[in-house]
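This report refers to the structure that appears directly beneath it.
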Amino acid sequence: MTLPATFLRLLLAAFLIGAPSLAHAQSVKASAKVSVQLKKPVVLTKLQDLDFGLIVGLQAGASPTAVTMTRDGTLTCPVPLRCSGAPLPGLYNIMGSNSAQVSISVTGADLVNAVSGATIGFTADGPTLLQLPNSGNKGVDFGVGGTIVVPSDAAGDYEGVITVTADYL
């Protein structure tokens, strides 16, 4: 036997011993479902600012007193405070995809007197979850209320900001 013939036999034997059998080769497949849920963007619109109206304050030395406005605009003004004017709850409209649930976050900051820099504590109150109606509908209106704490030494005009955030669940 010649060297090239021996070399070829050894090479063929090594290939047959170390290589997988081509007769038994299998391909495998796996599949997965692809899906997406597309929704209309959430549209949030402020319709009206929250306004506690006119409050005649406390006498010097009196304890701070809480005034509360509900989401539907009911104002609770305890004695000895006197409330008048045209108090209004904050009012918002939200639109989006048909029958979707939307989480709502409402935050407020203390009210500030622009002249003196004095502050009045404010806590906002709004819904936390809303169910949107049919997509053809004009959305859902919802109210935002809150509570202010009127100190005895507060006089002047105070303003603050309510931040409302909405997103699909």
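Here are the numbers:
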quantity: Hits in region 146-169 (condition: more than 13 Å from Ser105 (Cα to Cα) and surrounded by 19 or more Cβ atoms within 10 Å (Cβ to Cβ)); calculated: Gly146, Ile148, Val150, Ala154, Tyr158
quantity: All strands (runs of 3 or more DSSP E) inside region 52-169 with 3 or more residues being in contact (Cβ under 8 Å) with a residue 40 or more places away in the chain and within 30 Å of Leu38 (Cβ to Cβ); calculated: 90-95, 101-108, 140-150, 162-168
quantity: Odd one out for Ser63, checked against (1) at positive phi; (2) modelled with pLDDT under 90; (3) of a type outside the set (A, V, I, L, M, F, W, C); calculated: (1)
quantity: Test: residue in region 109-122 that is in contact with a Gly (Cβ under 8 Å, 6 or more places away or on another chain), crowded, with 19+ Cβ neighbours inside 10 Å and among the aromatic types (Phe, Trp, Tyr); calculated: yes
quantity: Yes/no for Leu8 being surrounded by 10 or more Cβ atoms within 10 Å (Cβ to Cβ), of a type outside the set (Val, Ile, Thr) and either modelled with pLDDT of 95 or more or not in a loop (DSSP other than H, G, I, E, B) (or both); calculated: yes
quantity: Qualifying residue in region 94-101 (condition: touching a Lys or Arg at 6+ places or on another chain (Cβ under 6 Å) and of a type in the set (S, T, N, Q)); calculated: yes
quantity: Hits in region 85-101 - residues which are in contact with a Gly (Cβ under 6 Å, 6 or more places away or on another chain) and more than 15 Å from Gln48 (Cα to Cα); calculated: Gly85, Met95
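The values are calculated or read from the model by the stated rules, or taken from the named source; none is laboratory data. Just so we're clear, the structure is a prediction, and the values are computed from it rather than from any experiment. Neighbour counts are summed over all protein chains in view; Cβ atoms, including those assigned to glycine, are modelled from backbone coordinates with ideal geometry.
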